[in-house]
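To start, the structure itself, in structure tokens.
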Amino acid sequence: MNLPKHTATPPPDKKSWRSRLIRWSLEISLVLAVIFLIRAWNAPSLPDTVLPTIVGQTLDGIIIDSRDTQGRPLIVHIWAEWCPVCRLELAGMAELARDTPVMSIAWKSGDDAAMRRFLANEKIALSVINAPSGQLLAPLGIKAVPLHLVVDAAGRIHFVETGYTTPWGLRARVWWVEHFGGAQTVSEH
């Protein structure tokens, strides 16, 4: 009886392993480049400009003014109910708003009653200004959501982030603005 001879698997070729590593690195780099290009394309051109005044009433009836930062940086969080990425980060934004000034604005997401139902169904406790027509945010030239603006106490925009952003990433940006971005309040004469 002739049994097949068991042959040992040859050791992996270093050249083949290296070429796969190079190929994977190039593919990952290409994917990251595409992601960054899309984010750059979708972001409005706002850094180092002054945030246009945004005044709105939350679904709870509280008037919020973007100029009332109480001497701290402000995160302007613009999102939409119909946006899956926005939904993904919404709980994190609610958590962030517990200790960081956040102006949360729902963009083109339906009427106030629909927004209240949505937030209740998702169990999200967040003060939200509803902008069903988008007119409130027209001066910003929004192309995509979610959009996060980190603004210093003087109203200057330091960071513009589109797409998914973590609460810790936003906290780091706020810290940067507080320590290096000129978060001093503008004195009124």
In the range 94-189, GluC sites (Glu not before Pro) in a DSSP loop with at most 11 other beta-carbon atoms within 10 Å: Glu188
The range 100-187 shape via C-alpha gyration tensor axes, a/c threshold 1.5: prolate
Pair Gln57, Ala138: separation of 7 Å Cα→Cβ label points (nm): 2.0
Relative contact order computed over the range 65-189 (Cα-Cα under 8 Å; 6+ residues apart), in percent: 33
Amide H partners (placed H, <5 Å) of Met103, local residues excluded: Ile75, Val76, His77
Overall form of the range 76-148 per C-alpha gyration tensor (a/c, 1.5; a/b vs b/c): oblate
Under Karplus coefficients 6.51, -1.76 and 1.60, residue-wise ³J(HN,Hα) of the range 141-157 in Hz, glycine/proline x: x, 5, 10, 8, 10, x, 10, 10, 10, 10, 10, 7, 5, 8, x, 7, 7
Computed E for Asn121/Arg171 - FRET, C-beta separation, R0 30 angstrom, nearest 0.05: 0.65
Sites Leu88 and Ala114, calculated FRET efficiency, Cβ-Cβ separation with R0 30 Å, nearest 0.05: 0.95
Length added when fully stretched, His179-Trp24, from 0.36 nm per residue minus Cα-Cα: 51.9 nm
Using θ = phi - 60° and Karplus 6.51 cos²θ - 1.76 cosθ + 1.60, couplings along the range 122-129 (whole Hz; Gly, Pro as x): 7, 6, 9, 9, 8, 6, 10, 8
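Each value in this text was obtained by applying a stated rule to the coordinates, not by laboratory testing. Because the structure is predicted, anything quoted here is derived from the model rather than measured. Methodologically, a virtual Cβ is constructed for each residue, glycine included, from the backbone with ideal geometry; neighbour enumeration extends over all protein chains shown.
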